[in-house]
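The values are calculated or read from the model by the stated rules, or taken from the named source; none is laboratory data. Only a predicted model underlies this, so the values are computations on that prediction, with no experimental measurement involved. Cβ coordinates were reconstructed from backbone atoms using ideal geometry, including for glycine residues, and neighbour counts include every protein chain displayed.
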Amino acid sequence: MKTIKLTIGICLFALLFASCKDEKAEIAKQNVEEYTSYVDSIATLEYAEAYSNWESIEDGYNNHKSMASVDIDDNEERVVLLENVDNATLKYETYKTNLIAEKEKEDIRTSKSNFRKTLLGANYDDSGDMAFEWINKDNILSVYETFVNTVQTNKDSYSREDWDEIKLLYEAIDTRKNTVENEGLTSSDNRKIAGLKLKFAPMYTVNRMGAKSAENAEAKE
C-alpha cells in the first residue's frame, strides 16, 4: 500500500513538474512574441512621432527585452526564440540609429533656417531656393538693412562656417538685386543699398579672417 501511495505521489509530482515546465515554456514564448511585436510597432512610426515619445518608447523596449530573456535557456525552442530576440534587437537598434541620424539632420536644418531668418528678416520663405524670388523692389532695402545690421551686431560671435554662410546669402541677395533693379527699384533705395554694401564688405573681410585665425589657433591647442 505504501508503495502504491509513493508511486502515485511520484507520478503527481512528475505531472506537476511537467506542467510547470510547460507553463514556463509557454510564458517564455509569449514574452518573445510580445517583444518582437513591440519592436515591429515601433519600427513603423514616423521619426518625428517616435522622437517626441522616445523616453517612453525606450522604457517599453527595455521592459519587453528584459522579459523576453526570462527562461529562454531552458526552453526546448531556445534556438528559435534566441534568433527571434536577436532579430528584433537588431531591427530596433537599426531604427534607433536611423532616428538619431535623422534628428541630427533636422537639428542642422532647423539651426540653418533660424540663422537665415535672423539675417534675412520675416519675409524669408525658408524654401531653400537661393533665387530669393520673395525679394522685390519694395522690400529689398529692408532685407539689406536687416542683413547688414544683424551681421554688425553679431560679428564677434560668428564662426568661420557662419561667415561662409553669410557670404553665400549676401551673394544671393546681390544676384537678386540685379533683377530687382530692372523692376523699378528707386534711385533713393539704390543709393542706400550701395552704402550698406560699402559697410558690409570690410566688416566681412576683417571678421572672416579673424574667425579663421581663431579656429587655427584652437586647432593647434
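Worth a mention:
- The numbered conditions (1) exposed (fewer than 14 other Cβ atoms within 10 Å of the Cβ); (2) touching a residue at least 12 places away in the same chain (Cβ under 8 Å) are all true for residue 161 except (2).
Matching residues to (1) among the aromatic types (Phe, Trp, Tyr); (2) outside any helix (DSSP H, G or I):
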residue	(1), (2)
131	no, yes
147	yes, no
153	no, no
177	no, no
181	no, no
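- The listed residue being aliphatic (A, V, I, L, M) and surrounded by 14 or more Cβ atoms within 10 Å (Cβ to Cβ), out of 120, 198: 120
- Restricting region 17-53 to residues that are in contact with a Leu (Cβ under 8 Å, 6 or more places away or on another chain) and modelled with pLDDT of 85 or more leaves a set whose member that is surrounded by the most Cβ atoms within 10 Å (Cβ to Cβ) is 32.
- Residue list for region 20-56, restricted to those being touching a Phe, Trp or Tyr at 6+ places or on another chain (Cβ under 9 Å) and either aliphatic (A, V, I, L, M) or in a loop (DSSP other than H, G, I, E, B) (or both): 39, 42, 43, 45, 50
- Of all the numbered requirements in (1) assigned to a loop (DSSP other than H, G, I, E, B); (2) more than 30 Å from residue 39 (Cβ to Cβ), residue 170 misses one, and that requirement is (1).
- Looking across 205, 179, one residue alone is over 16 Å from residue 143 (Cβ atoms), without any contact (Cβ under 8 Å) to a residue 40 or more places away in the chain and β-branched (Val, Ile, Thr). It is 205.
- Options 159, 127: the member that is at pLDDT below 95 and closer than 16 Å to residue 204 by Cβ: 159
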